[in-house]
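Below is one structure, written out as structure tokens; the observations come after it.
The values are calculated or read from the model by the stated rules, or taken from the named source; none is laboratory data. Computed from a predicted structure; not experimentally measured. Every residue, glycine as well, gets a Cβ built from its backbone with ideal geometry; the counts of neighbours run over all protein chains shown.
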Amino acid sequence: MGLATATVALKQRSDDSEHPVINYTKTETTDPISRLQKRIDSGEFRPAYYGRHGYLRSVLEALKIPVSSQMLVFSKTSFQHDLISPESPRALYFNDSVSVGWVQGGSVLEIAASDPQLGTVFYTLAQNRVTKPRFERQTNECLQCHGGGMTRDVPGYMFRSVFARADGQPEFRAGTKLTTDQSPISERWGGWYVTGKHGEMRHMGNVFAKGGEEVTLDRERGANITDLAPLFNTSPYLGKTSDIVALMVAEHQAQTYNYITRANYLTRIALDYDAQLNKEWNRPKDYRSEGVTRRIASACEALVRAMLFVEEAPLTAQITGTSGFAEQFARQAPFDKKGRSLHQLDLATRLMRYPCSYLIYSEAFTALPPLAKETIYRRLQEILTGKETGKEFAHLTLTDKQAIHEILTDTCPDYATLATRQNKAGEQH
């Protein structure tokens with residue numbers, strides 16, 4: 001997550017981000033970092049500088065990012081890779097809309113923020129003390145890796161699992177894995193430190209790749225670790241953990257944000273295409289062609305699947321974190337009339353207690369074109385009320401569906417409005 005994997009082969013990125021209706025590199029941003037910069041410029045907020053951490057602590061506090069979200073990656077997969085190693089891992093912190101990366105002795109903080117219209121926007125913040133710090137937007141360099149197939153061809157977040165040697169260098173010949181909530185635990189967290197209990201399940205974290213022609217990992221040695229102190233000196237870090245629950249939540253969030261951005265881009269581009277043809281062929285302004293309708297529906301369907309955790313890798317043992325992140329995350333609003341929330345976790349057989357993404361409340365989702373949002377809400381209601389009987393949603397029990405439907409009805413006004421409208425239409429028939 002953040003500014004990662006600049007050392008791997010460059011990915012060919014889609015031209016969609018520079019389509020005239022998107023204009024990613026030239027459009028002014030409106031994400032949480034741009035808003036924070038305005039507070040700094042106006043003098044309303046003056047970031048404090050804390051020794052070797054520079055502006056890290058102050059930025060986290062301003063953005064309401066908990067230290068408990070700390071994740072530590074020791075593979076050399078960042079543009080500050082020379083400073084990263086198993087003895088000096090990169091620290092990542094995140095909330096529902098921003099991630100911040102810090103490297104010991106690094107010249108900059110690495111930031112990735114979710115912009116309502118542009119997708120993921122990348123920044124750096126120089127780690128030298130000045131009167132008014134400035135977040136510098138980064139485009140082409142970051143998009144070489146964060147704008148290709150691994151991010152759904154949009155400027156996006158990316159989690160990868162690699163076979164990392166004892167010096168932090170990835171063994172790319174052994175392959176790498178893009179990790180999401182669909183990834184088996186056995187394929188996750190290569191090159192990362194992981195703290196927490198996970199029973200008999202085994203992952204790739206906490207250990208180093210060995211071997212000649214065949215690369216191996218001693219997964220047993222890296223399992224169920226709750227204390228990182230024997231592995232490296234944790235004192236330079238704000239926290240002492242690399243929480244397993246934080247890792248799992250961040251992976252879901254990264255993938256789903258990319259789908260939100262993709263739905264945004266494709267809907268706006270498709271509607272622009274129809275608008276131009278409507279003008280050229282003297283069709284009504286609101287005419288929508290069948291091809292455009294299908295394209296929008298396809299992009300929205302992919303997002304719906306991501307939001308409902310279709311093909312999520314099942315858990316076969318209880319997951320328990322070590323930093324308090326799970327408890328903090330689960331306390332987040334909004335709650336329905338029965339006290340339920342989409343932030344509540346399961347961690348026994350799956351990630352979420354109610355498998356519908358909390359990102360439905362995000363600025364990025366709220367800013368989707370009205371046609372896309374209505375398409376998504378309509379599909380969610382078809383699935384959650386039992387009108388959709390496809391096998392791909394069979395992982396949702398009737399109890400799951402009813403609970404999610406009730407939570408959304410109480411906490412998501414647009415969803416509730418559509419539900420009311422559909423109920424009235426049904427009564428009239």
Taking segment 278-309 and the residues there that are touching a Phe, Trp or Tyr at 6+ places or on another chain (Cβ under 7 Å) and touching a residue at least 24 places away in the same chain (Cβ under 8 Å), the one that is nearest to ARG350 (Cα to Cα) would be LEU308
Residues of segment 17-37 being surrounded by 16 or more Cβ atoms within 10 Å (Cβ to Cβ), at pLDDT 85 or above and part of a helix (DSSP H, G or I), in sequence order, are PRO32, ILE33, SER34, LEU36, GLN37
Answer yes if at least one residue in segment 277-295 is crowded, with 18+ Cβ neighbours inside 10 Å, part of a helix (DSSP H, G or I), under 23 Å from the mean Cα position of the chain (by Cα) and not polar (S, T, N, Q), and no otherwise. no
*Just wondering, is there one or more residues in segment 385-402 that are at pLDDT 95 or above, of a type in the set (A, V, I, L, M), under 22 Å from ARG305 (Cβ atoms) and surrounded by 22 or more Cβ atoms within 10 Å (Cβ to Cβ)?*
no
Taking first residues from segment 164-187 that are in contact (Cβ under 8 Å) with a residue 60 or more places away in the chain and at positive phi and second residues anywhere that are surrounded by 20 or more Cβ atoms within 10 Å (Cβ to Cβ) and hydrophobic (A, V, I, L, M, F, W, C), the pairs with Cβ under 8 Å that are 6 or more apart or on different chains are GLY168/PHE74; GLY168/ILE84
Only unsatisfied item for TYR55, checking (1) out of contact with any Gly (no Cβ under 6 Å at 6 or more places or on another chain); (2) crowded, with 21+ Cβ neighbours inside 10 Å; (3) closer than 22 Å to VAL249 by Cα; (4) not β-branched (Val, Ile, Thr), is (3)
Inside segment 209-235, the number of residues satisfying the requirement of being within 15 Å of SER85 (Cα to Cα), under 26 Å from the mean Cα position of the chain (by Cα) and either buried (at least 21 other Cβ atoms within 10 Å of the Cβ) or in contact (Cβ under 8 Å) with a residue 24 or more places away in the chain (or both) is 1
Output for Cβ contacts, cut-off 6 Å, separation at least six or different chains, first residue more than 19 Å from PRO155 (Cβ to Cβ) in segment 20-47, second exposed (fewer than 13 other Cβ atoms within 10 Å of the Cβ), reads ILE40/LYS132
Residue hits (segment 189-233; over 23 Å from ASP346 (Cβ atoms) and of a type in the set (S, T, N, Q)) are ASN206, THR216, ASN233
Output for Cβ contacts, cut-off 6 Å, separation at least six or different chains, first residue more than 19 Å from VAL21 (Cβ to Cβ) in segment 111-134, second among the basic types (Lys, Arg), reads TYR123/ARG137
Looking across segment 97-111 at residues that are touching a Leu at 6+ places or on another chain (Cβ under 7 Å) and among the small types (Gly, Ala, Ser), the single one that is farthest from TYR50 (Cα to Cα) is SER99
| query | Is segment 305-320 home to any residue that is at pLDDT 95 or above, of a type in the set (S, T, N, Q) and crowded, with 19+ Cβ neighbours inside 10 Å? | reply | no
Of (1) over 30 Å from ILE22 (Cα atoms); (2) at pLDDT 95 or above, TYR257 satisfies every one except (1)
Selection from segment 238-257 of residues surrounded by fewer than 21 Cβ atoms within 10 Å (Cβ to Cβ) and either of a type outside the set (Lys, Arg) or outside any loop (DSSP other than H, G, I, E, B) (or both) yields LEU238
Per the filter on segment 354-385, residues in contact (Cβ under 8 Å) with a residue 60 or more places away in the chain and of a type in the set (A, V, I, L, M) are LEU359, ALA364, ALA367, LEU368, LEU371, ALA372, ILE376, LEU380, ILE383
Considering residues that are crowded, with 24+ Cβ neighbours inside 10 Å and of a type in the set (Val, Ile, Thr), the number found within segment 99-124 is 4
A careful count of residues in segment 180-232 that are more than 24 Å from VAL310 (Cα to Cα) and not in a loop (DSSP other than H, G, I, E, B) gives 6
Every listed condition ((1) without any contact (Cβ under 8 Å) to a residue 24 or more places away in the chain; (2) surrounded by 24 or more Cβ atoms within 10 Å (Cβ to Cβ)) holds for ILE260 save (1)
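Residue-by-condition table, conditions (1) on the phi > 0 side of the Ramachandran plot; (2) at pLDDT 90 or above; (3) among the polar types (S, T, N, Q):
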{"position": "GLU251", "(1), (2), (3)": "no, yes, no"}
{"position": "THR267", "(1), (2), (3)": "no, yes, yes"}
{"position": "LEU277", "(1), (2), (3)": "no, no, no"}
{"position": "LYS285", "(1), (2), (3)": "no, no, no"}
(Q) Being among the β-branched types (Val, Ile, Thr), crowded, with 24+ Cβ neighbours inside 10 Å, at pLDDT below 95 and not in a strand (DSSP E or B): is that true of VAL154 here? (A) yes
Query - GLU382 under 29 Å from PRO66 (Cα atoms) and either buried (at least 16 other Cβ atoms within 10 Å of the Cβ) or of a type in the set (A, V, I, L, M) (or both) - result: no
ASP336 passes all but one of the listed conditions (1) buried (at least 17 other Cβ atoms within 10 Å of the Cβ); (2) farther than 20 Å from PHE393 by Cα; (3) in contact with a strand residue (DSSP E or B) (Cβ under 7 Å, 6 or more places away or on another chain); the exception is number (3)
